[in-house]
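One structure below.
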Amino acid sequence: MTVTRIENLAELKTQVGKEVAASDWFEVTQERINLFAEATEDRQWIHTDPQRAARESPFGGTIAHGFLTLSLLSELGKRAMSVGGVRMGINYGLNRVRFVAPVPAGARIRGRFRLAAVEDISGGVQATWGVTVEREGGDKPCCVAEWLVRYYE
């Protein structure tokens, strides 16, 4: 997929209410899941023990942490779009998040980005992105989030 290029904040404002971009597919490997487990101290077996997860988990194998999936929004966003004319973008937080379906180790995910709102703030704008993270071949989204990003000129 190609990266959607938004030239400046004025153009960003014209995109409210539209799906602006979708990322390419991104593989969530067992190695990435293990590294996330180490970084966050969340070593629950459903994430880190493929043999046990294959035997005992209702998912048939290990799955990514929901917060790992959520933490990939920035990377998926970077792969999907760029906003020009800004000196920096800041992850400002989230209004709502749901982990609707698991992300099995080895699955490929992508993010779809719909611009819900843009508000002027001192020195820039605050964008509210409706993000849906999909799993290749999945019948439901893995994660649905309302993500706040501040762009400063």
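The values are calculated or read from the model by the stated rules, or taken from the named source; none is laboratory data. Bear in mind the structure is a predicted one, so any value in this text is a computation, not a measurement. Cβ: placed from backbone, ideal geometry, glycine included. Neighbour counts: every protein chain shown. Surface areas here come from the heavy atoms of the whole protein model, side chains and all, with no ligands, DNA or RNA. Shrake-Rupley method; radii C 1.70, N 1.55, O 1.52, S 1.80 Å.
Taking the DSSP bridge list for the chain and keeping only pairs wholly inside it, about 95 percent are antiparallel.
Using only alpha carbon pairs under 8 Å that are at least six residues apart, calculate the relative contact order of the stretch 1-83 and give it in whole percent. Reported relative contact order: 42 percent. Close amide-amide hydrogen proximity is noted between residue 107 and 28, each under 5 Å apart and 5 or more residues distant or on a separate chain (H modeled in the peptide plane; Pro and chain starts excluded). Per residue, the stretch 58-153 exposes 48 Å² of solvent-accessible protein surface, assessed with a 1.4 angstrom probe and all protein chains in place. Taking all Cα pairs closer than 8 Å and separated by 6 or more residues, the relative contact order of the chain comes to 29 percent. Spin-label model, residue 82/residue 152: points 7 Å from Cα along the beta carbon direction are separated by 2.1 nm.
Distance between the pseudo-spin-label points of residue 119 and residue 67 (7 Å out from Cα toward the beta carbon): 2.6 nm.
The H on the amide N of residue 100, modeled in the peptide plane, is under 5 Å from the matching H of 143, 144, each at least 5 residues off or on a different chain.
Length gained on full extension, residue 44 to residue 11: 7.5 nm, using 0.36 nm per residue less the C-alpha separation.
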